[in-house]
Amino acid sequence: LVAIIQTLRSMVESARHDSSNDGCAAFVLCLVDCLLQCLQGILEYFNKFAYIYVGMYGYSYLEAGKNVMTLFHAKGWDIIIADDLVSNTLSLFALIGGGLVGCVGLATNAAFPSWLAGFEGAASGIAFGFSFLIGLVISSIMLSVVDSSVNTVLVSF
């Protein structure tokens, strides 16, 4: 959400510079920019690291959000948390796990074609799709533990 608001602020900033001749439009754009800046400041405190901070230290959620952002700013880790590559990597592994389970579903359909005999031409697609979804959900659940662990290590150190 913060990235969307930053994009909107950039668009408003660009429009402010483009419409510098019109006083009313510049005033409205200035108000919109101010509102977006306030919203961005508030939304920075709502993040997944605040939950970890609440669990570790027992602060209220908003206080934990403020403290964790202060911690990351002090350590210079703003860019590290902005480029959260661990979650993207784990999502890719969840997709790979889903694909592997989908292939097992295809092999099961080939070994036991009577299980999906009523679907005739679509049996392979149904076997793969259903197995893929099961594998994706199970992989995502298991890898969310790893994601939470990495986030806890970032907050702890």
Listed residues Asp18, Asp33; which is charged (D, E, K, R) and without any contact (Cβ under 8 Å) to a residue 12 or more places away in the chain?
Asp18
In the stretch 54-71, residues that are in contact (Cβ under 8 Å) with a residue 12 or more places away in the chain and either outside any helix (DSSP H, G or I) or open to solvent by less than 30 Å² (accessible area, probe 1.4 Å) (or both) total 4
Condition check for Phe93: under 18 Å from Val150 (Cβ atoms), open to solvent by less than 80 Å² (accessible area, probe 1.4 Å) and of a type outside the set (Lys, Arg):
no
Within the group Leu35, Leu1, which residue is at pLDDT 85 or above and either open to solvent by 60 Å² or more (accessible area, probe 1.4 Å) or in contact with a Leu (Cβ under 6 Å, 6 or more places away or on another chain) (or both)?
Leu35
Of the criteria (1) within 26 Å of Ala3 (Cβ to Cβ); (2) at pLDDT 90 or above; (3) more than 16 Å from the chain's Cα centre (by Cα), which one Ser91 fails
(3)
Of everything in the stretch 18-32, what is loosely packed, with under 12 Cβ neighbours inside 10 Å, of a type in the set (Gly, Ala, Ser) and in a helix (DSSP H, G or I)? Give them in sequence order.
Gly23
Output for Cβ contacts, cut-off 9 Å, separation at least six or different chains, first residue touching a residue at least 12 places away in the same chain (Cβ under 8 Å) in the stretch 117-145, second among the β-branched types (Val, Ile, Thr) and open to solvent by less than 50 Å² (accessible area, probe 1.4 Å), reads Ala127/Thr108; Ser131/Thr108
Please tell me if Thr108 is of a type in the set (Val, Ile, Thr), without any contact (Cβ under 8 Å) to a residue 40 or more places away in the chain, assigned to a helix (DSSP H, G or I) and surrounded by fewer than 14 Cβ atoms within 10 Å (Cβ to Cβ).
no
When you go through (1) open to solvent by 40 Å² or more (accessible area, probe 1.4 Å); (2) more than 21 Å from the chain's Cα centre (by Cα); (3) hydroxyl-bearing (Ser, Thr, Tyr) one by one for Tyr45, which number turns out not to apply?
(2)
Failed item in (1) farther than 26 Å from Leu143 by Cβ; (2) surrounded by fewer than 12 Cβ atoms within 10 Å (Cβ to Cβ), with Leu85 passing the rest
(1)
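Condition check ((1) in contact with a strand residue (DSSP E or B) (Cβ under 6 Å, 6 or more places away or on another chain); (2) hydroxyl-bearing (Ser, Thr, Tyr); (3) closer than 21 Å to Ser149 by Cα) across all residues:
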| position | (1), (2), (3) |
| --- | --- |
| Cys24 | no, no, no |
| Asn47 | no, no, yes |
| Phe72 | no, no, yes |
| Ser87 | no, yes, yes |
| Gly102 | no, no, no |
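The values are calculated or read from the model by the stated rules, or taken from the named source; none is laboratory data. Because the structure is a prediction, the values reported are computed rather than measured. Positions of Cβ are generated from backbone atoms using ideal geometry, with glycine treated the same way; all protein chains shown enter the neighbour counts. Just the protein is used for accessible areas: all its heavy atoms, side chains included, with ligands, DNA and RNA removed. Shrake-Rupley method; radii C 1.70, N 1.55, O 1.52, S 1.80 Å.
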